[in-house]
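Let me begin by presenting the structure, written as structure tokens, before commenting on it.
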Amino acid sequence: METIFEKIINREIGADILYEDRDVIAIKDINPKAKVHILIITKKVIGSLQEIEEGDFYLLGEIVRVAKRLAKEYGIEDGYRLITNNGKKAGQSVFHLHFHLLGGSLFREEL
Ligand code: AMP
């Protein structure tokens, strides 16, 4: 079954797309936990960080590259968090690898 992020990647549902290349897509989080809350999502379907395999580790570098670029673009390069929730017990709700880029004022809820 497709995750919500696959549907966004395949343009089956809409999202506020801020960046896209061959490997990743970045969108605004629909339920922001900070003034700037961006999701950087791999296009390849990988369920979580724990499921990433040899050969796909370069994607983590790509995510960092895009995070740096977006942090600068959105004026948060002097203070941000880049995090992933791995697994249900850590609060993961969409099982398609993504990192949260959070900056500006953080809202004090759990991620
Ligand atoms: P996680 O709980 O770490 O798996 O993060 C999933 C994130 O996806 C949450 O912060 C949600 O607010 C966000 N989200 C869910 N559906 C959408 C959507 N259609 N567009 C943008 N963000 C979404």
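The condition of being more than 15 Å from the ligand (Cβ to nearest atom) and in contact (Cβ under 8 Å) with a residue 24 or more places away in the chain holds for LEU59. Which residues, counting only those in region 73-96, are free of Cβ contacts under 8 Å to residues at least 40 places away in the same chain and among the aromatic types (Phe, Trp, Tyr)? Selection gives TYR74 alone. The set of residues from region 69-83 being open to solvent by 70 Å² or more (accessible area, probe 1.4 Å) and in a strand (DSSP E or B) comprises TYR80, ARG81. Under the condition of being surrounded by 14 or more Cβ atoms within 10 Å (Cβ to Cβ) and of a type in the set (A, V, I, L, M, F, W, C), which residue from region 84-111 is nearest to the ligand (Cβ to nearest atom)? Among those that are surrounded by 14 or more Cβ atoms within 10 Å (Cβ to Cβ) and of a type in the set (A, V, I, L, M, F, W, C), it is VAL94.
In the condition set (1) open to solvent by less than 40 Å² (accessible area, probe 1.4 Å); (2) free of Cβ contacts under 8 Å to residues at least 40 places away in the same chain; (3) of a type in the set (A, V, I, L, M, F, W, C); (4) away from the ligand (no atom under 15 Å from the Cβ), ILE27 is compliant with all but (4). So the check is Cβ under 6 Å with 6+ separation or different chains; which pairs have a first residue in region 2-21 that's over 19 Å from ALA67 (Cα atoms) and modelled with pLDDT of 95 or more and a second one that's assigned to a helix (DSSP H, G or I) and of a type outside the set (Gly, Ala, Ser)? Close Cβ pairs (under 6 Å, with a partner that is assigned to a helix (DSSP H, G or I) and of a type outside the set (Gly, Ala, Ser)) amount to ILE13/LYS7. Within region 32-68, how many residues are among the aliphatic types (A, V, I, L, M) and part of a helix (DSSP H, G or I)? Adding up the residues that qualify gives 7.
Kindly provide the set of residues from region 57-111 that are more than 13 Å from the chain's Cα centre (by Cα) and among the hydroxyl-bearing types (Ser, Thr, Tyr), ordered by number. Within region 57-111, TYR58, TYR74, TYR80, SER105 meet the criteria. Could you count how many residues in region 5-55 are among the acidic types (Asp, Glu) and under 18 Å from PHE95 (Cα atoms)? Of the residues in that region, 6 qualify. Within the bounds of region 13-22, is there any residue that is in contact with a helix residue (DSSP H, G or I) (Cβ under 7 Å, 6 or more places away or on another chain), open to solvent by less than 60 Å² (accessible area, probe 1.4 Å) and away from the ligand (no atom under 13 Å from the Cβ)? Yes, some residue in region 13-22 is in contact with a helix residue (DSSP H, G or I) (Cβ under 7 Å, 6 or more places away or on another chain), open to solvent by less than 60 Å² (accessible area, probe 1.4 Å) and away from the ligand (no atom under 13 Å from the Cβ).
The values are calculated or read from the model by the stated rules, or taken from the named source; none is laboratory data. These numbers were taken from a predicted model, which means no experiment stands behind them. Quick reminder, even Gly has a Cβ in these numbers, built from the backbone with ideal geometry, and neighbours come from all protein chains shown. The accessibility values were calculated without ligands, DNA or RNA, using every heavy atom of the protein model including side chains. Shrake-Rupley method; radii C 1.70, N 1.55, O 1.52, S 1.80 Å.
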